[in-house]
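Worksheet for the structure shown next.
The values are calculated or read from the model by the stated rules, or taken from the named source; none is laboratory data. Bear in mind the structure is a predicted one, so any value in this text is a computation, not a measurement. Here the Cβ positions follow ideal geometry from the backbone for every residue, glycine too, while neighbour counts run over all protein chains shown. Ligands, DNA and RNA are excluded from the accessible area calculation, which covers all protein heavy atoms including side chains. Shrake-Rupley method; radii C 1.70, N 1.55, O 1.52, S 1.80 Å.
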Amino acid sequence: MAAGAGWRMGAAERGGRGAETLFRGLLFCVLGCGFCWGNSIERKIYIPLNKTAPCVRLLNATHQIGCQSSMNGDTGVIHVVEKDQDLKWVLTDGPHPPYMVLLEGGLFTRELMLQLKGSSRVSGLAVAISKPIPAQGFSPGLKCPNDGFGVYSNDYGPQYAHCNWTMWNPLGNGLAYEDFNFPIFLLEDANETQVIKQCYQDHNLPQNGSVPEYPLCAMQLFAHMHAVTNTVTCMRRSSLQTAFSLNPEEVCDALSDYNVWSTLKPINTSSKIDLMDEVIIVATRIDSHSFFWNVAPGAESAVSSFVTHLAAAEALHKVPGVQTLPRNIMFTFFQGETFDYIGSSRMVYDMENDKFPVRLDNIHSFLELSQVALRNSSVLWVHTDPVSQRNESIQTQVKTLLEALINSSMSANVTLQEVRQSQPLPPSSFQRFLKARGIPGVVLADHRTSFQNRYYQSMYDTAENILMKYPEGLSPEETLDYVTDTAKSLAEVATVVARALYQLAGGTGNTSAIQADPRTVSRMLYGFLIKTNNSWFQSIIKQDLKGLLGDELPQHYIAVTTLVNTTQLVQYVLANLTGTVVNFTKEECLNPEKTPNPEKEMYVYTWVQGSRDANSTSRVPFCVQSTVRLTKAASPAFELKQWGSTEYSTWTESRWKDIRARIFLVASKELEIITLVVGIAILILSLLATYFINAKAHVLFSSPGDAGAVAY
């Protein structure tokens, strides 16, 4: 009996192990199938939208702006709004809230957005780009850009503070500075927009006044932001994480990048220049902004001016004997100026604190290029500061500046006109220098009072806005070298600037030979506005930086820790236009300190990949010697940890983990509940079946031979 009982216990144990093995096998098969089919099933359910740009959250010392979704994304039934009347379905009539609104670009206005913002029936928004661009203009920026961070205040020209005298951007609706509690995405691909509209027409479009039936086409937007309230709050949380956590998760980052600068005559950057040396600063901004993250074409607001600046620098460097001019010229390209003058305020701070080779006292004069592409009748306006000119010495030097500019424009197709002295400076980097010290200077612009640019800080500030036109049928190479009317116009401005700078630096020779190259200007406009991945840009960068170049439209938004493409490309273009090819090997170029060259501390050496050899596919690299350098464009507020500063920019960008968009068909709530209940019932039945199979395993999995042995 004991042996039989033991044998039966063994059989039960073997049966249990058999059941367990079978169960594990089934589980393995299920998991394997899930792994293999999971992605396939997801692709059948969801259609991802790959060409989108989100609105993200930005913060400053006092508040937050931008958009965000809930942690798991926001979902809603799609409704297409192509005219104002379509909005009623979303706000009141539609029976299936919340809604995801697909909005035509022409309706993307402040008034409509505030209606959506105030409704609980809206879970998100997708905006289709308007083509052609809105004729009436569109600027989501402020009417008074960088208000409170320029030179005008209660202590300096109070009558000019807060744009009391001139409203510079009258079309600015401030939309980019609103805070929305739902996600907003830009649809950049017309094909994806059409897919969404087709899904809407097939499933959501009311027929003959009847309510559409399930399944309905829905959209899900993911854009959850980690930072909240303001920069003071998010930076404090980030610093606490860094101090007490082994794996800190910071919630925001300061907007920052690098300024690009170079000098006509080389200087030793390891020390300060002599106090008696005079430097003329030429400046432009290289960044832009719009409502959507990293969508900042900035054709008129930034590109036209820094391309003109680059062309003027090239023209000056070609002049014989410029190295012997009495005064030096410093070419400066500021980053982050859109966000309360990040780049210029940092350079001024560094100059004041002996962290820059040039002091404020070395500055002889200041010439800034603002928006210059949309001139009426070839007129270029010269803006000056009425307050600083109350000082007779500064007024005299400003007159000298004006005379040099006017004389230089005599033989060019540019008419310079001075704005009346009672008008203040437009938003400009020059204001940050004036705030620190009285400096004679001017700002050149295509507008006398308010901006000519109707798309300031907008996704529509593109090549089309500055009237760049190409003949049809050109190849990419032909388009790159085609000289447009816009390029010719900007080259004229660059010529005037270069000739004036030559005179201001003490040059006494004939300036008629100083001429900016329209072909170079055309190449730069093509590269910075249409396609960075072109043969010229390829030839002037390092081989390991090929990732900078892409076929998509270039954007000029400042970054948060890394060098943005615009900064690096401006750096390499400036080096190419103003530098010299030297006969260095690659090793010598990459390690100039190992060479006996006595001027190695005066220059920067760059090994670029060069153009393709005409007889092969390989490139011919070479070494460029230039004076082009980078310096931090990070607000002093973050170095000083004054996160609530009213003196310096405090803009930060929230961090996020997941930004994506997709559409799918959604079932009714009743069907979802039924599906859930049936699923739970099947799960319970499966568990019960597993339990009973396991309990009766010794019976279900015993073999006939084993049964006979038991009977015996």
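For residues in segment 144-198 being over 20 Å from residue 437 (Cα atoms) and charged (D, E, K, R), which is most open to solvent (accessible area, probe 1.4 Å)? This residue is 188. In segment 348-361 there is at least one residue that is closer than 17 Å to residue 443 by Cβ, touching a residue at least 12 places away in the same chain (Cβ under 8 Å) and either open to solvent by less than 20 Å² (accessible area, probe 1.4 Å) or outside any strand (DSSP E or B) (or both).
Taking the criterion of being open to solvent by less than 30 Å² (accessible area, probe 1.4 Å) and within 19 Å of residue 505 (Cα to Cα), would at least one residue in segment 387-398 satisfy it? Yes: segment 387-398 contains one or more residues that are open to solvent by less than 30 Å² (accessible area, probe 1.4 Å) and within 19 Å of residue 505 (Cα to Cα).
If you go through segment 481-527 and keep only what is open to solvent by 20 Å² or more (accessible area, probe 1.4 Å), farther than 18 Å from residue 282 by Cα and in a helix (DSSP H, G or I), you end up with 481, 485, 488, 489, 518, 519, 523. If only residues of segment 633-659 that are of a type in the set (Phe, Trp, Tyr) and part of a loop (DSSP other than H, G, I, E, B) are counted, the one that is most open to solvent (accessible area, probe 1.4 Å) is 643. Cβ-Cβ distances below 7 Å connect the following pairs, each with a first residue in segment 260-276 that is open to solvent by less than 50 Å² (accessible area, probe 1.4 Å), a second residue that is among the aromatic types (Phe, Trp, Tyr) and part of a loop (DSSP other than H, G, I, E, B), and a separation of six or more residues or different chains: 266/603. Within segment 235-258, one or more residues are closer than 30 Å to residue 388 by Cα and crowded, with 21+ Cβ neighbours inside 10 Å. Residues in segment 413-426 that are part of a loop (DSSP other than H, G, I, E, B) and open to solvent by 20 Å² or more (accessible area, probe 1.4 Å): 413, 420, 421, 422.
Within segment 58-103, the set of residues being within 29 Å of the chain's Cα centre (by Cα) and among the aliphatic types (A, V, I, L, M) comprises 58, 59, 61, 65, 71, 78, 80, 81, 100, 101, 102, 103. Which residue is nearest to residue 364 (Cα to Cα), if the candidates are limited to segment 314-336 and must be among the hydrophobic types (A, V, I, L, M, F, W, C) and open to solvent by 10 Å² or more (accessible area, probe 1.4 Å)? Checking each candidate, the answer is 325.
Inside segment 608-630, residues that are touching a Ser or Thr at 6+ places or on another chain (Cβ under 9 Å), assigned to a strand (DSSP E or B) and surrounded by 16 or more Cβ atoms within 10 Å (Cβ to Cβ) make up a count of 7. Taking the criterion of being in contact (Cβ under 8 Å) with a residue 40 or more places away in the chain and surrounded by fewer than 23 Cβ atoms within 10 Å (Cβ to Cβ), the residues of segment 528-539 that qualify are 530, 531, 534, 535, 536, 538, 539. Per the conditions (1) modelled with pLDDT under 95; (2) in contact with a Phe, Trp or Tyr (Cβ under 9 Å, 6 or more places away or on another chain); (3) open to solvent by 10 Å² or more (accessible area, probe 1.4 Å), the sole criterion not satisfied by residue 95 is (2). All of 58, 107, 125 fail the test of being surrounded by 18 or more Cβ atoms within 10 Å (Cβ to Cβ) and without any contact (Cβ under 8 Å) to a residue 40 or more places away in the chain, apart from 107.
Taking residue 74 as the residue in question, decide whether it is open to solvent by less than 40 Å² (accessible area, probe 1.4 Å) and under 16 Å from residue 660 (Cα atoms). Considered against the rule, which asks whether it is open to solvent by less than 40 Å² (accessible area, probe 1.4 Å) and under 16 Å from residue 660 (Cα atoms), residue 74 comes out as yes. For segment 592-607, filtered to residues that are in a loop (DSSP other than H, G, I, E, B) and modelled with pLDDT of 90 or more, the residue that is farthest from the chain's Cα centre (by Cα) is 602. In segment 594-615, the count of residues that are outside the structural domain of residue 490 (by TED's automatic domain parsing), closer than 30 Å to residue 60 by Cα and not aromatic (Phe, Trp, Tyr) is zero. Going through (1) assigned to a loop (DSSP other than H, G, I, E, B); (2) more than 23 Å from the chain's Cα centre (by Cα) one by one, residue 145 falls short only on (2). Can you say whether residue 372 is β-branched (Val, Ile, Thr), in a loop (DSSP other than H, G, I, E, B) and surrounded by fewer than 23 Cβ atoms within 10 Å (Cβ to Cβ), as far as the supplied structure shows? The answer is no for residue 372.
If I go through segment 139-165 residue by residue, how many of them are in contact (Cβ under 8 Å) with a residue 12 or more places away in the chain and among the polar types (S, T, N, Q)? Qualifying residue count, segment 139-165: 2.
Candidates 622, 664, 701, 692: the one that is in contact with a Cys (Cβ under 9 Å, 6 or more places away or on another chain) and over 30 Å from residue 184 (Cβ atoms) is 622.
Within segment 309-330, residues that are under 12 Å from residue 495 (Cα atoms) sit with their Cβ atoms under 9 Å from residues that are open to solvent by 50 Å² or more (accessible area, probe 1.4 Å) and assigned to a helix (DSSP H, G or I), at 6+ positions apart or across chains, in these pairs: 314/576.
Against the definition (among the hydrophobic types (A, V, I, L, M, F, W, C) and closer than 30 Å to residue 306 by Cα), how does residue 216 come out, yes or no? In short, no. Among 292, 333, which is the only one that is closer than 20 Å to residue 562 by Cα and part of a strand (DSSP E or B)? Just a single option satisfies the conditions, and that option is 333. Counting residues in segment 558-576 that are open to solvent by less than 20 Å² (accessible area, probe 1.4 Å), in a loop (DSSP other than H, G, I, E, B) and at positive phi gives zero.
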